[in-house]
1. What tally of residues in region 180-226 results from selecting those that are within 25 Å of Arg142 (Cα to Cα) and either open to solvent by 60 Å² or more (accessible area, probe 1.4 Å) or part of a helix (DSSP H, G or I) (or both)?
2. Taking region 156-192, which residues are of a type in the set (Phe, Trp, Tyr) and closer than 21 Å to Thr305 by Cβ?
3. Do we have Gly66 as closer than 19 Å to Ile130 by Cβ, touching a Pro at 6+ places or on another chain (Cβ under 8 Å), open to solvent by less than 10 Å² (accessible area, probe 1.4 Å) and not in a strand (DSSP E or B) here?
4. Within region 33-40, identify whether any single residue is touching a strand residue (DSSP E or B) at 6+ places or on another chain (Cβ under 8 Å), of a type outside the set (S, T, N, Q) and over 14 Å from Leu256 (Cα atoms), and answer yes or no.
5. Check off (1) out of contact with any His (no Cβ under 9 Å at 6 or more places or on another chain); (2) of a type in the set (A, V, I, L, M); (3) open to solvent by 10 Å² or more (accessible area, probe 1.4 Å); (4) touching a residue at least 24 places away in the same chain (Cβ under 8 Å) for Ala35 and give me the number that stays unchecked.
6. Collect the residues in region 74-88 that are under 14 Å from the mean Cα position of the chain (by Cα) and either farther than 14 Å from Glu170 by Cβ or without any contact (Cβ under 8 Å) to a residue 24 or more places away in the chain (or both), keeping them in residue-number order.
7. Taking the condition more than 27 Å from Gly235 (Cβ to Cβ) and touching a residue at least 12 places away in the same chain (Cβ under 8 Å), does Ile279 pass?
8. Just wondering, is there one or more residues in region 102-111 that are in contact (Cβ under 8 Å) with a residue 24 or more places away in the chain, open to solvent by 80 Å² or more (accessible area, probe 1.4 Å) and more than 24 Å from Ala175 (Cα to Cα)?
Amino acid sequence: MAKRRPVIITCAITGAIHTPSMSPHLPANSEAIIASAVEAAEAGAAILHLHARDDETGKPDQTVEGFARIVPAISDQTSAVLNLTTGGSPYMTVEERVRPAAHFAPQLASLNMGSMNMGLFPMLKRHGDITGWERDHLEGSRDLVFRNSYDDIAYVLDTCRGNGTRFEFECYDTAHLYNLAHFADQGAVEPPFFVQTVFGLLGGIGAHPDDVAHMRRTAVRLFGDDLVWSSLGAGAHQMRVAATVAATGGHVRVGLEDSLWSGPGELALSNADQVRAAISIIEGVGGRAATPDEARDILKLRPRTATP
């Protein structure tokens, strides 16, 4: 009898794009992030992708102190792989963005593989009544380049090289796949390559099924058997992309970082709800949710220790 394929579900808990006023369900302080992360792991997420927030304002917080408020507690309460962002916020320097991963030496960290325009301002059409830093955050993206130069990428790799951390390579367009291939050719990164292709964010590739197929074909051609392919869809594209990717042999990422919605005009109530929706899709195409240990084996992560 054929066995169901283990599919890694990554849940991105809060991110640095959405702001607290957009949804009452977005975890925007340390206590809420911890609770939501643990719930998502219990629902079936093998990997938890983590950002921190300022407890008073809900602003993205990329300090070691900010992550110290969430990482040990989540690690103590789950067996999930903790994936610390080095993307942080596009308004931050690479030196700021890499500090938590350098300090905590997680099994996994994200790494953006190229610069891009990052247009968050269209969300003002839906959330036009927000004010203060939240409005500035969205308006400022009209003239925002999310810098991830070759030197920046090398800086993150070199800073984390000695701590055993492997990477989720976030690729928002075709050129980012070629950037990863460049670093692979230079021997700066080693397989397997956990490639997270990102669809539907203004400034990156779209979320049409042809876009998904194009990115998959390119990644397979560049990395072959060394590829571990995962994808996420932004906003309303989230579950459509998850279904397309799960049906074509990939792994999936969901979470309130990527989409606040569970349907047209309907806010998602929790990260765990999105994980459960992804599991339903995965099981519908003959797969099953991978366990954290299976994810560690697939990605060749170092053994889990008392720290992340």
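The values are calculated or read from the model by the stated rules, or taken from the named source; none is laboratory data. Note that this is a predicted model, so its numbers are computed, not measured. Using ideal geometry, Cβ is built from the backbone for each residue, glycine included, and neighbour counts are taken over all protein chains shown. In case anyone asks, the SASA skips ligands and DNA or RNA and just uses the protein heavy atoms, side chains included. Shrake-Rupley method; radii C 1.70, N 1.55, O 1.52, S 1.80 Å.
1. Here the count works out to 3.
2. Answer for region 156-192, where residues must be of a type in the set (Phe, Trp, Tyr) and closer than 21 Å to Thr305 by Cβ: just Phe167.
3. No: the conditions fail for Gly66.
4. No.
5. Of the numbered conditions (1) out of contact with any His (no Cβ under 9 Å at 6 or more places or on another chain); (2) of a type in the set (A, V, I, L, M); (3) open to solvent by 10 Å² or more (accessible area, probe 1.4 Å); (4) touching a residue at least 24 places away in the same chain (Cβ under 8 Å), the odd one out for Ala35 is (4).
6. Val81, Leu82
7. no
8. Yes, the conditions are met somewhere in region 102-111.
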